[in-house]
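Here's the structure we're looking at; comments come further down.
FYI, it's all coordinate maths here, none of it is from the lab. It should be emphasised that the depicted structure is a prediction, and the values quoted were computed from it without experimental measurement. Neighbour counts run over all protein chains shown; Cβ positions are idealised from the backbone, glycine included.
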Amino acid sequence: MNPPAPPDSPFTAPLPGAARDVAVFGEAMTLFIAGEPGPLERVETFHRRMAGAEINVAVGLARLGLRVGWASRLGDDSLGRYLLAELQKEGVDCGKVQSDAGQRTGFQFKGRVDDGSDPPVEYHRKGSAASLMGPDDVDAAWLQATRHLHATGVFAAISATSLAAAHRSLDVARAAGRSISFDPNLRPTLWSSTDTMRTEINRLAAKAHAVLPGLAEGQLLTGHAAPDAIARFYRDAGARLVVIKLGAEGAYYDDADAGTGHVAGFPVAKVVDTVGAGDGFAVGVVSALLEGRSVPDAVRRGSWIGARQVQVPGDSEGLPTRAELQAAGL
């Protein structure tokens with residue numbers, strides 16, 4: 001049995017009377033998944049689902065019994081009403097979600113592949129309601145009543161105002177002594193340049209207690225090739241914990257208290273869809289840390305959920321319930 005997290009860990013700091021365990025800011029999109037493989041323009045049937053890095057994490061944490069609040073904007077349209085109903089059904093608190101008349105909800109099409117490769121995705125999000133969010137959408141009192149903030153680089157990338165809102169949310173949480181996790185979740189096409197993306201993502205990461213990049217992301221963001229060097233870059237920038245996702249090889253971690261180590265990946269019979277695997281990983285790590293589990297245990301849980309997620313076609317279908325997590329001994 002691995003030792004529990006140290007009592008002074010920011011993730012286990014008590015917050016008497018907290019209104020929620022985790023807050024996320026970000027865009028939700030309606031996802032249309034192709035019913036059969038092939039070019040999107042030839043697909044006749046699509047299945048409707050939810051998409052968005054932050055809401056994938058929100059749904060995953062809510063399924064594990066955590067109290068999760070999501071702050072965003074949706075268009076007052078059929079797509080927005082669908083997303084709001086689905087997230088409420090999952091148990092996510094949507095009290096900080098605005099439905100804007102005259103604005104539209106973003107959506108995307110995702111192809112289906114049968115060879116384990118990344119599926120083709122077409123985004124239709126430019127000018128969406130969520131992209132209009134700014135610093136004034138960050139309710140400081142609401143965030144201060146939350147134990148933990150999970151942030152990603154996606155929300156920061158969709159517009160200049162959402163980037164300012166992302167910085168504001170991390171600044172408020174940090175000033176209030178709340179724990180913060182950050183997944184770079186790079187979307188290069190949303191940024192004006194690679195240099196701008198690198199600068200802004202690393203500025204956000206420097207405000208987080210835990211940073212969770214994939215290996216390729218870490219290499220692009222830091223200029224280092226090896227997991228230990230990438231982790232040291234973010235530890236030197238101020239992170240207490242850095243976990244480098246290594247795909248099938250598991251993950252490498254560097255923690256202020258637990259030191260460094262490697263957790264092996266879980267076997268996968270067949271990769272169906274890689275989208276959402278990193279979000280599932282974040283669900284595992286964040287939930288375990290907030291429960292006071294050790295870093296190796298948290299990384300192991302993240303690896304297991306990530307492995308589940310790549311075996312299903314949707315962005316969140318592989319995220320487990322608490323009962324499924326307990327059955328797996330995690």
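Data overview
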quantity: Centre separation in Å (Cα based) which lies between segment 185-240 and segment 53-130; calculated: 25 Å
quantity: FRET efficiency, 1/(1 + (r/R0)^6) with R0 22 Å, evaluated for H124 and E36 via beta carbons; calculated: 0.55
quantity: Qualifying lysines (Cα of each under 28 Å from Cα of K89; at least 8 residues distant if same chain); calculated: K110, K126
quantity: Rounded, prolate or oblate (a/c below 1.5 giving rounded, otherwise prolate when a/b exceeds b/c) for segment 219-330 by Cα gyration tensor; calculated: oblate
quantity: Cα gyration tensor shape of segment 60-151, rounded if a/c is under 1.5, else prolate or oblate by comparing a/b with b/c; calculated: oblate
quantity: Cα-only radius of gyration and Dmax that characterise the chain, units Å; calculated: 18.4, 56
quantity: Those trypsin sites (Lys or Arg not before Pro) in segment 174-282 that DSSP places in a loop and that have at most 10 other beta carbons within 10 Å; calculated: K270
quantity: Cα gyration tensor shape of segment 1-136, rounded if a/c is under 1.5, else prolate or oblate by comparing a/b with b/c; calculated: oblate
quantity: Extension reserve of the T194-T260 stretch, reckoned as 0.36 nm per residue once the Cα distance is removed; calculated: 20.8 nm
quantity: Full-extension gain in nm, R187 to D228, via 0.36 nm per residue minus C-alpha separation; calculated: 12.4 nm
quantity: Amide H within-cut-off set for H148, under 5 Å, with H built and near neighbours excluded; calculated: V22, A23
quantity: Highest-fluctuation residue, E317, E54, E44 considered, GNM on the chain with Cα pairs under 10 Å; calculated: E44
